[in-house]
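Shown next, in structure tokens, is the structure this report addresses.
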Amino acid sequence: MPRSNRPRGRKPGVDDDGEADLSSLLAGWRRTEIRRDGQWHVQPVPAAQALKNYVCPGCGLRVVPGVAHIVAWRGDGVLGDGADIAARRHWHSHCWKIN
């Protein structure tokens, strides 16, 4: 009998709504950097996933859709993780490196 290549069952890491768990998505990409002004969580955004316009806090210019960039947020904020994530900013990769 020939083998069937159809997937069977549920994929791991997908909840009832079909959305992947945010922590599992971030685990492979996110890194922590120590800078002169504190600890930062940094996550690269590939060009294929860059779908919106943002203003880079480093240079003040737009980060346009389709351009790979960096998302950064405080890792040691006093208001907690929720407030830090809400205050995350999208940076050009070069601007983040020279900051």
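The values are calculated or read from the model by the stated rules, or taken from the named source; none is laboratory data. Just so it is clear, the structure is predicted and the values come from calculations on it, not from any experiment. Cβ atoms come from the backbone with ideal geometry, glycine included; neighbour counts cover every protein chain shown.
Is it true that some residue in segment 42-61 is in contact with a Gly (Cβ under 7 Å, 6 or more places away or on another chain) and surrounded by 15 or more Cβ atoms within 10 Å (Cβ to Cβ)? Full working, then the answer.
From segment 42-61, those in contact with a Gly (Cβ under 7 Å, 6 or more places away or on another chain) are 47, 50; that's our starting set.
Next, only the ones that are surrounded by 15 or more Cβ atoms within 10 Å (Cβ to Cβ) stay: 50.
Within segment 42-61 (the criterion being in contact with a Gly (Cβ under 7 Å, 6 or more places away or on another chain) and surrounded by 15 or more Cβ atoms within 10 Å (Cβ to Cβ)), the answer is yes, since at least one residue qualifies.
Within the set of pairs 6+ apart or on separate chains, which have a first residue in segment 81-99 that is within 17 Å of residue 63 (Cα to Cα), a second that is of a type in the set (Ser, Thr, Tyr) and surrounded by 12 or more Cβ atoms within 10 Å (Cβ to Cβ), and C-beta atoms under 9 Å apart?
89/54; 90/54; 91/54
Restricting the search to segment 67-99, which residues are part of a loop (DSSP other than H, G, I, E, B) and of a type outside the set (Val, Ile, Thr)? Even if it seems obvious, please write down each step before you answer.
Quick first cut of segment 67-99, residues part of a loop (DSSP other than H, G, I, E, B) only: 67-68, 75-80, 87-88, 92, 99.
Passing the criteria: 68, 75, 76, 77, 79, 80, 87, 88, 92, 99.
Being over 17 Å from residue 88 (Cβ atoms) and over 15 Å from the mean Cα position of the chain (by Cα) is the filter here, so list the residues in segment 34-61 that pass it.
34, 36, 59, 60, 61, listed by residue number.
Determine which member of the set 34, 85 is surrounded by 12 or more Cβ atoms within 10 Å (Cβ to Cβ), of a type in the set (A, V, I, L, M, F, W, C) and modelled with pLDDT under 95. Spell out the reasoning first.
On the way: 34 fails: surrounded by 12 or more Cβ atoms within 10 Å (Cβ to Cβ).
Of 34, 85, the one residue that is surrounded by 12 or more Cβ atoms within 10 Å (Cβ to Cβ), of a type in the set (A, V, I, L, M, F, W, C) and modelled with pLDDT under 95 is 85.
Mind checking which pairs have a first residue in segment 41-66 that is outside any strand (DSSP E or B) and a second that is at pLDDT 95 or above and of a type in the set (Ser, Thr, Tyr), Cβ under 9 Å, 6 or more apart or different chains?
Taking only residues 6 or more apart or on different chains, the pairs are 64/54.
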